[in-house]
Amino acid sequence: MDGIKLMVDEHKWIKRMLEVIRSFNQRVLRHEKVDFEDLFLMIDFVRNYADKHHHLKEEDLLFKYIMEELGSTGEKLIRNGMMVEHDLGRLYMKELEESVKKILNGDENALVDVVGHSMSYYHLLQRHIAKEDEMVYPFGEKNLSREVLEIIHAESENMEKEAEKKGVQRKYESMVRDLENKYLISQ
Ligand SMILES: [Fe+2]
Ligand SMILES: [Fe+2]
């Protein structure tokens, strides 16, 4: 299994959910009906698919080897760039979760925070994914040794199979489809 191609494919699912988040916010701003509880599904997807399933694969495999094998350029690129953005994404989700709870408790002032935090995440991840697809992954593929790339491919396959046993991919891919059907606005 090509572990890097797999991560590019996971980006496609994440980007589909990002568009759901954007459409949800457009509906909010147009005063159209939305179910704020659905934001908990989006947060669940971000935490357990984008972060746990995907970002941990980056952090435990590709990024780990780029830092270990590719000197100070690799270390700086990953630690100061990509890891910082993963952490920032986690912070936006925590703040979004708190704002959704406030709305469900009747605090309409939190509406602007829901839009702000979720759209901050949208823009962060759009830029982050583009950087990985166009720069970080090709940098790793070009510079890591064949032996290390083979380890990444084999470990990715193991992780993927373990997740399949737990039904992770099935659960979150169908969540994306369901929310697209409910919220996606054709531009
Ligand atoms: Fe990442
Ligand atoms: Fe990624």
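Yes or no, residue by residue, for (1) more than 21 Å from Leu56 (Cβ to Cβ); (2) in contact (Cβ under 8 Å) with a residue 12 or more places away in the chain; (3) touching a strand residue (DSSP E or B) at 6+ places or on another chain (Cβ under 8 Å); (4) surrounded by 14 or more Cβ atoms within 10 Å (Cβ to Cβ):
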{"position": "Ser145", "(1), (2), (3), (4)": "yes, yes, no, no"}
{"position": "Glu155", "(1), (2), (3), (4)": "no, yes, no, yes"}
{"position": "Glu162", "(1), (2), (3), (4)": "no, no, no, no"}
{"position": "Lys165", "(1), (2), (3), (4)": "no, no, no, no"}
{"position": "Ser174", "(1), (2), (3), (4)": "yes, no, no, no"}
{"position": "Leu179", "(1), (2), (3), (4)": "yes, yes, no, yes"}
{"position": "Leu184", "(1), (2), (3), (4)": "yes, yes, no, yes"}
Quick one: in the stretch 6-42, which of the residues that are exposed (fewer than 13 other Cβ atoms within 10 Å of the Cβ) and more than 21 Å from Asn105 (Cα to Cα) is farthest from ligand 2 (Cβ to nearest atom)?
-> Arg30
Quick check: is even one residue across the stretch 154-172 in a helix (DSSP H, G or I), in contact with a Phe, Trp or Tyr (Cβ under 7 Å, 6 or more places away or on another chain) and closer than 30 Å to Arg30 by Cα?
-> yes
Members of the stretch 44-92 found to be among the hydroxyl-bearing types (Ser, Thr, Tyr), away from ligand 1 (no atom under 15 Å from the Cβ) and closer than 16 Å to Lys142 by Cα, listed by number | Thr73
Selected residue (criterion: farthest from ligand 2 (Cβ to nearest atom)) from residues of the stretch 76-135 that are under 18 Å from Leu61 (Cα atoms) and acidic (Asp, Glu) = Asp87
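Rule-based calculations on the coordinates, nothing more; no lab input. No experiment lies behind these values; they were computed from the predicted model shown. Don't worry about glycine lacking a Cβ; one is built from the backbone with ideal geometry, like all the others, and counts go over all protein chains shown.
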